[in-house]
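Report on the structure given below.
The values are calculated or read from the model by the stated rules, or taken from the named source; none is laboratory data. What you see is a predicted model, and the numbers here were worked out from it, not measured in a lab. Note: ideal-geometry Cβ built from the backbone for every residue, glycine included; neighbour counts use all protein chains shown.
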């Protein structure tokens, strides 16, 4: 999990890789904690949650689009 986090992957992307490549259906069942909690313990987690980060990124992209495509 830490190796994938060092590559810059989000917790949901890490979960998909673990599920598809390594056959780990639920990290919580194996490790006892969710991926985000494991990353917070190892200090790999961002201050922003993934949902908030995606919303901010989408808002910035929308603002750029509106600035470029004014009528």
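Looking at 52, 14, which one is at pLDDT 80 or above and surrounded by 13 or more Cβ atoms within 10 Å (Cβ to Cβ)? Explain how you work it out, then say what you get.
On the way: 52 fails: surrounded by 13 or more Cβ atoms within 10 Å (Cβ to Cβ).
Testing whether each residue is at pLDDT 80 or above and surrounded by 13 or more Cβ atoms within 10 Å (Cβ to Cβ) leaves just 14.
So residue 66 ticks every box in (1) loosely packed, with under 13 Cβ neighbours inside 10 Å; (2) under 18 Å from the mean Cα position of the chain (by Cα) but one. Which box is left unticked?
(2)
Please enumerate the residues belonging to region 1-18 that are closer than 20 Å to residue 54 by Cβ and assigned to a helix (DSSP H, G or I).
The answer is 4, 5, 11, 12, 13, 14, 15, 16, 17.
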